[in-house]
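K.L.:
Structure below; questions to follow.
The values are calculated or read from the model by the stated rules, or taken from the named source; none is laboratory data. Keep in mind it's a predicted model, so treat the numbers as computed, not measured. So basically every Cβ, Gly included, is an ideal-geometry build from the backbone, and we count neighbours across all protein chains shown.
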Amino acid sequence: MMTITDELTNLESQALADLAATSDLAGLADWKSRYTGKAGALTRALRSMGSVPAEQRPELGRRLNALREQLEAAFETAEAGLKQAAQDAELAADRIDVTMPGHAPALGHLHLTTQVLRQVEAIFAEMGFQVWESPEVELDDMNFSQLNFPPDHPARDMQDTFYVEMPPEAPAVLLRTHTSPGQMHAMHRYAPEPLRVLLPGKVYRNEQVTARSEMMFHQFEFLAVGHNITMADLKGTLAFFAERMYGPGTKIRLRPSYFPFTEPSVEMDVTCFLCAGKGCRICKHSGWLEIGGCGMVHPNVLRNGGYDPEVFSGFAGGFGPERIAMLKYGIDDLRNFYSGDVRFVEQFG
């Protein structure tokens, strides 16, 4: 019959052979449980010492302890090797090949309104207009009175205004309702010299926010003052702008209108760029898209700006870049521009 010493010899051989065949850390943990764990083969051998004669137990104990130390040392060596191999494999998998082309980081881009405004600025720059910035907080006098709006003029009701709370004796202050006050700032600066300026910026109106209206939006105003400027000059400027903005072949149409600061006043339409003037849903089957208002500068406005209307004449107009973008890209809700929805903004990167 096999003695316990023989069993230990077989256990040693089997344990070392199984350890040599273990190829991963999970298998190594299983090996430890089977041989050196609390319920492992060595523990079972130790419990069987009760059946061994007393005089043989010391030698058998030394034999068991030596085997345990041998197997634990072999385990530690195997564990270190497998851990190193696993680390080497992970590093090899994550290795960066510095000779390969890199991935460019994602960059932001200009907001759609800014893109349109810059395009407008470039178009008017071709015609000799310079960009002129003016305040967003204005005096009531500059926003209305200087632009030919008398205090009781019904045209003031066309624009619901945000007024700034001021002491009773102070002049009325407001958030500008249009970029037209910039005309007065520019004329006061350059009079009596001829000028051509483009005035982009934010405007504010106390309106209900809907798909077609906002409390804050953008406008750009253009103004030219000089000698012998006529309606033909305005029409040529508008035609050049329309072709540059909407593409060659774009036609314009002027319709009579009314603005206190221009006389005569007109509304400008362009041929629908989606249907080429044939009629579609966007242009309501008219073939035309309304862009904005313009006209010849009113003599009173010229006079308020420091120009003699008997010597100088000029034209002016104001358009909305958001409206231009909505028509150009088929956007049906003005609120998308300032909703903060990145999905909308990223479409125009």
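K.L.:
For the range 74-113, name all the residues that are exposed (fewer than 10 other Cβ atoms within 10 Å of the Cβ) and either aliphatic (A, V, I, L, M) or touching a Gly at 6+ places or on another chain (Cβ under 9 Å) (or both).
P.N.:
Leu91, Ala92, Ala93, Ile96, Val98, Met100, Ala104, Ala106, Leu107, Gly108
K.L.:
Looking at (1) under 22 Å from Asp141 (Cα atoms); (2) acidic (Asp, Glu); (3) in a strand (DSSP E or B), which is the only condition Glu207 fails?
P.N.:
If we test Glu207 against (1) under 22 Å from Asp141 (Cα atoms); (2) acidic (Asp, Glu); (3) in a strand (DSSP E or B), just (3) comes out false.
K.L.:
Here's another thing I want to ask about it. Among the listed residues Val131, Val164, Val197, which satisfies the condition of being β-branched (Val, Ile, Thr) and free of Cβ contacts under 8 Å to residues at least 40 places away in the same chain?
P.N.:
Details: Val131 fails: free of Cβ contacts under 8 Å to residues at least 40 places away in the same chain; Val197 fails: free of Cβ contacts under 8 Å to residues at least 40 places away in the same chain.
Criteria check complete, one pass: Val164.
K.L.:
Still on this model: So how many residues does the range 179-195 have that are surrounded by fewer than 22 Cβ atoms within 10 Å (Cβ to Cβ) and touching a Gly at 6+ places or on another chain (Cβ under 7 Å)?
P.N.:
4
K.L.:
Shifting gears a bit: Look at Gly279 and say whether it is among the small types (Gly, Ala, Ser), assigned by TED's automatic domain parsing to the domain that holds Met231, in a loop (DSSP other than H, G, I, E, B) and at pLDDT below 95. Spell out the reasoning first.
P.N.:
Values: among the small types (Gly, Ala, Ser): yes; assigned by TED's automatic domain parsing to the domain that holds Met231: yes; in a loop (DSSP other than H, G, I, E, B): yes; at pLDDT below 95: yes.
For Gly279, the condition - among the small types (Gly, Ala, Ser), assigned by TED's automatic domain parsing to the domain that holds Met231, in a loop (DSSP other than H, G, I, E, B) and at pLDDT below 95 - is met.
K.L.:
Quick test of your reading of the structure: Leu42 fulfils all but one of (1) at pLDDT 80 or above; (2) in contact with a helix residue (DSSP H, G or I) (Cβ under 6 Å, 6 or more places away or on another chain). Name the failing condition by number.
P.N.:
The number of the failed condition is (1).
K.L.:
Further question on the same structure: Does Gly226 fit the bill of being assigned by TED's automatic domain parsing to the domain that holds His188 and over 27 Å from Tyr338 (Cα atoms)?
P.N.:
Taking the combined requirement at face value, the residue satisfies it.
K.L.:
Next up: Could you tell me which of the residues Val197, Val209, Val203 is touching a Leu at 6+ places or on another chain (Cβ under 6 Å) and of a type in the set (Val, Ile, Thr)?
P.N.:
Matching residue, one of Val197, Val209, Val203: Val197.
K.L.:
Still on this structure, please answer the following. Given the criterion touching a strand residue (DSSP E or B) at 6+ places or on another chain (Cβ under 9 Å) and either part of a strand (DSSP E or B) or closer than 15 Å to Met142 by Cβ (or both), identify the matching residue among Thr237, Thr177.
P.N.:
On the way: Thr237 fails: either part of a strand (DSSP E or B) or closer than 15 Å to Met142 by Cβ (or both).
The unique qualifying residue is Thr177.
K.L.:
Please indicate, with yes or no, whether at least one residue in the range 247-254 is of a type in the set (S, T, N, Q), over 29 Å from Pro150 (Cα atoms) and either at pLDDT 95 or above or in a loop (DSSP other than H, G, I, E, B) (or both).
P.N.:
Yes, the range 247-254 contains at least one residue that is of a type in the set (S, T, N, Q), over 29 Å from Pro150 (Cα atoms) and either at pLDDT 95 or above or in a loop (DSSP other than H, G, I, E, B) (or both).
K.L.:
Within the range 310-349, count every residue that is assigned to a loop (DSSP other than H, G, I, E, B) and either touching a residue at least 60 places away in the same chain (Cβ under 8 Å) or touching a His at 6+ places or on another chain (Cβ under 8 Å) (or both).
P.N.:
7
K.L.:
Another one. Evaluate the following for Gly128: is it in the same structural domain as Thr179 (by TED's automatic domain parsing) and either over 30 Å from Glu322 (Cα atoms) or not in a helix (DSSP H, G or I) (or both)?
P.N.:
So Gly128 fits the description; yes.
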